[in-house]
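The values are calculated or read from the model by the stated rules, or taken from the named source; none is laboratory data. Here the structure is a predicted model, which means the values were calculated and not measured. Every residue, glycine among them, receives a Cβ derived from its backbone with ideal geometry; neighbour counts consider all protein chains shown. Please note that ligands, DNA and RNA were not included when accessible areas were found on the heavy atoms of the full protein model with its side chains. Shrake-Rupley method; radii C 1.70, N 1.55, O 1.52, S 1.80 Å.
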Amino acid sequence: FWDFRPLLTEPVFYVTLIGGTMLELFYYIADQSVVQRYVSVKDEKAAGKSVWMGGVASIIGCFLIYVIGTGLWTLHRSHPELTDVAMEKPDGIFPLFIVSEMPGPLSGIMVASIFAATISTLAANLSATSSAVTSDFIVRFRPTLSDRAQVRWGQALVVLTGVLGIGAALILARVETRTLFDNFQDFVAMLTAGLTTLFVVGVFLPRLRGRAMMCGLVSG
């Protein structure tokens, strides 16, 4: 946090501050799974309240995640014999801790919790992706589609997105990288920086037209 070196390739203070701000802006203004929550509430005040609740929950969640990471780092520094030297990627250190160091019932609860969190996140994102593609592309070019046909398109897109996601996961599992989190951050950054800028420009510079903004987004 106190690393003020003038670097762009390391998570120094400036990179974390600016990059983190842009990333959080994306989630709250352009991420489809979050936007769906806005449009499901009764008015703008309720939407604002959900933003604040999400922000507070994110701070608490991030704090707990960093505590776990700090605890694992301290444990393996104090007891290096616990570290599996054959581990290909550091992503495996937490699952290894759950399996080898936690008592049986607690490790089972932890594994179930990880699966539950993963499934709920995947379900929300698959639904958001299929609904966005259906409403923004399918219905736009075929406005006479019935509600039943739109639902079927959405279901088919959920399956297609799921298959693509499985393929991407298998590829990422074999990519030579420091951590999976680094891969995720790189991928999200490439997609989100332009979208975030698109929304910010749309709000603060309304004189710019859609074609110019789309050209900027594609070139970026």
Counting only the heavy atoms of the protein chains, how much of ASP136 is accessible to a 1.4 Å probe, in Å² to the nearest 10? 70
When a/c is below 1.5 the answer is rounded, else prolate if a/b is larger than b/c, else oblate, so apply that to region 96-220 with a ≥ b ≥ c taken from the square roots of the Cα gyration tensor eigenvalues. oblate
Give me the distance in nm between label points sitting 7 Å out from Cα along the Cα-to-Cβ direction at THR21 and LEU180, one decimal. 3.2
Under a 10 Å cutoff between Cα atoms, tell me which one of GLN155, GLN32, GLN185 has the largest fluctuation in the Gaussian network model of the chain. GLN185
Taking a probe of 1.4 Å and leaving out DNA, RNA and ligands, the chain shows per residue an accessible area in Å² of 76
Could you work out what % of the accessible surface of region 1-81 is carbon and sulfur, using a 1.4 angstrom probe and leaving DNA, RNA and ligands out of the count? 72
Those aspartates and glutamates that a straight Cα-Cα span of less than 18 Å connects to LYS49, excepting residues fewer than 8 apart in one chain: GLU24, ASP31
Distance-filtered residues of region 183-212 - backbone nitrogen under 20 Å, label point 7 angstrom along ALA117 Cα→Cβ: 183-186, 188
Whole-percent carbon and sulfur contribution to the accessible surface of region 180-220 (1.4 Å, no ligands, DNA or RNA) stands at 72
Can you pull the one-decimal nm distance between simple spin-label points at LEU75 and VAL56, each 7 Å off the Cα toward Cβ? 3.1
